[in-house]
Amino acid sequence: MTTSGAIQKRSLGHTGIEVTPIGLGVMQFSGSRGIFRLMMRDLSQEQMNVIVKTALESGINWFDTAEMYGSGRSEQGLANALKAAGKQDDEVVVATKWSPLLRTAANIPQTIDDRIRFLSGYTIDLYMVHQPWGFSSPEAEMDAMADLVKAGKIRSVGVSNFNAEQMRRAHAALAKRGLPLAVNQVQYNLLHRKIETNGVLEAAKELGVTIVAWSPLASGLLTGKFHKNLEMLSQAPFGRRMRLRRSIQRSRPLVEALEELAAEYDATPAQVALSWLVNAHGETVVAIPGASKAHHAEQSAGAMKLRLSDLHTAKLDVLSRAFRS
Ligand SMILES: NC(=O)c1ccc[n+]([C@@H]2O[C@H](COP(=O)([O-])OP(=O)(O)OC[C@H]3O[C@@H](n4cnc5c(N)ncnc54)[C@H](OP(=O)(O)O)[C@@H]3O)[C@@H](O)[C@H]2O)c1
């Protein structure tokens with residue numbers, strides 16, 4: 001593997017909050033209740049502890065969770081695991097999200113104490129509006145978020161799944177309160193490059209907002225494991241199985257190229273895919289791969305030591321251009 005020395009941290013937007021280019025997404029800690037029954041399997045607290053400990057030991061310094069991930073289950077599992085790993089509050093960065101579904105901005109101050117309770121002692125370094133689906137405007141939501149910063153309940157504000165216009169409105173509303181918009185967390189991976197053509201990436205670069213890439217491994221497809229062993233698809237929970245099955249043929253040439261490059265760099269296809277993602281646009285993009293096993297987290301963190309040549313970066317760009325629209 002080509003190493004690029006010590007892991008350089010990046011600021012979340014203009015907040016000065018420093019994170020490693022790769023964090024750990026812990027939607028996998030949601031449990032399998034409600035809608036997650038179709039997408040997740042249950043993990044025990046012991047399994048979560050090992051995943052988080054491995055991520056930390058592999059160099060990851062931040063974690064992404066959400067209210068929506070099991071109504072506090074993922075947040076609580078993460079906090080317990082950080083505690084079990086002996087981490088103090090100021091040694092890690094924690095991001096979580098408010099769920100706007102069927103709610104107005106008035107719910108933001110009403111539910112923040114639940115988030116704080118579930119994270120039991122770990123500061124909310126970044127608080128995001130999970131989707132642009134709330135009954136209130138982005139301006140009203142950002143105002144409520146800014147109040148939480150002023151009250152010392154959260155450190156910074158972000159959005160998730162906002163389009164370019166919504167993101168610009170959120171940025172402007174926070175600017176009026178003297179705060180930066182830290183991030184827009186959106187789906188971004190080599191098989192889903194829409195933010196490059198719909199104005200989101202361009203706006204992020206212009207406004208100095210960090211893009212946090214969710215599903216950076218295309219739900220595991222970019223690891224190549226499903227292409228190698230179609231049987232594995234039938235073991236995935238129903239919702240994911242359907243989604244993955246639809247993409248398997250179309251993604252095969254790209255996954256084969258990832259495998260070739262992985263062999264060349266003594267890395268894995270997942271590491272090649274993640275390295276491309278967090279380095280193709282300077283420091284604008286960071287990624288939060290998920291893990292249901294400790295070795296997933298270890299491998300994802302290992303991508304931070306891999307630097308692809310310009311030629312190989314361009315090769316992956318060309319091979320995945322079809323996924324830009
Ligand atoms: N803001 C939003 O709307 C939003 C939406 C979705 C996700 N997210 C965030 O983004 C994070 C990541 O997204 P994601 O989990 O959907 O997708 P992902 O990171 O693309 O895929 C994660 C899955 O890939 C597989 N995997 C990872 N590393 C592997 C390895 N080295 N070898 C083999 N398999 C590996 C595992 O699948 P198996 O578990 O099947 O083994 C793992 O659960 C989530 O945890 C969450 O924090 C945010």
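With a 1.4 Å probe and all protein chains left in place, how much of the accessible area of the chain comes from carbon and sulfur atoms, in whole percent?
Exposed carbon and sulfur together represent 51 percent of the surface.
Using r as the Cβ-Cβ distance of residue 235 and residue 284, and R0 as 45 Å, what FRET efficiency do you calculate, to the nearest 0.05?
0.80
Keeping every protein chain present and rolling a 1.4 Å probe, give me the accessible area per residue for the range 185-244 in Å².
For the range 185-244, the solvent-accessible area averages 39 Å² per residue.
Given a cut-off of 29 Å, name the pairs among 53/97; 87/176; 53/205; 83/305; 53/305; 194/228 whose C-alpha atoms lie farther apart than that in the structure shown.
Working: 53/97 23 Å; 87/176 35 Å; 53/205 33 Å; 83/305 27 Å; 53/305 19 Å; 194/228 27 Å.
The pairs that break the limit, which is 29 Å between Cα atoms, are 87/176; 53/205.
Pairs of alpha-carbon atoms within less than 8 angstrom and 6+ residues apart define the contacts here; what relative contact order does the chain have, in percent?
Once divided by the residue count of the chain, the mean separation gives 22 percent.
With +1 assigned to the C-beta of every Lys and Arg and -1 to the C-beta of every Asp and Glu, and no other charges, what is the dipole magnitude of the chain about the Cα centre in debye, to the nearest 20? Each step should come with its number before you reach the end.
On the way: 38 positive and 31 negative charges, 177 e Å.
Result for the chain is approximately 860 debye, rounded to the nearest 20.
May I ask for the angle, rounded to the nearest 10°, between helix 164-176 and the longest principal axis of the chain, with both axes built from Cα atoms and the value confined to 0 to 90°?
Roughly 40 degrees, rounded to the nearest 10.
Gaussian network model of the chain, Cα springs within a sub-10 Å range: biggest mean-square fluctuation belongs to which of 94, 209, 149?
149
Tell me, what are the semi-axes, in whole angstrom and largest first, of the equivalent ellipsoid of the chain as set by the roots of 5 times the Cα gyration tensor eigenvalues?
29, 22, 20
Helix 138-150 versus the longest principal axis of the chain: what angle, 0 to 90°, nearest 10, using Cα atoms?
Result, in degrees: 70.
Pop a pseudo-label 7 angstrom from the Cα along the beta-carbon direction at both residue 264 and residue 324 and give the gap in nm to one decimal.
So the two model labels end up 2.1 nm from each other.
Counting helices only, and only those DSSP H runs with n ≥ 4, report the 222 nm mean residue ellipticity of the chain as the sum of -39,500 (n - 2.57) divided by its residues, in deg cm²/dmol to the nearest 500. Walk me through the numbers before you get to the answer.
Numbers: 12 runs with 138 residues, N = 325.
The per-residue figure over the chain is -13000 deg cm²/dmol.
Using Cα-Cα distances under 8 Å and only pairs 6 or more residues apart, what relative contact order does the range 86-219 have, in percent? Before the final figure, lay out each step's value.
Values: 225 pairs, mean separation 27.0, N = 134.
It rounds to 20 percent for the range 86-219.
Over the range 196-325, what relative contact order in percent results from Cα pairs under 8 Å that are six or more residues apart? Write out the running numbers ahead of the final one.
Numbers: 130 pairs, mean separation 38.3, N = 130.
29 percent.
Measure nothing but the geometry: give the 0 to 90° angle between the long axis through the Cα atoms of 310-319 and the longest principal axis through the Cα atoms of the chain, rounded to 10°.
90
The values are calculated or read from the model by the stated rules, or taken from the named source; none is laboratory data. Given the structure is predicted, the values throughout are model-derived calculations rather than measurements. Reconstructed Cβ throughout: ideal geometry from the backbone, glycine too, with neighbour counts over all protein chains shown. Ligands, DNA and RNA are excluded from the accessible area calculation, which covers all protein heavy atoms including side chains. Shrake-Rupley method; radii C 1.70, N 1.55, O 1.52, S 1.80 Å.
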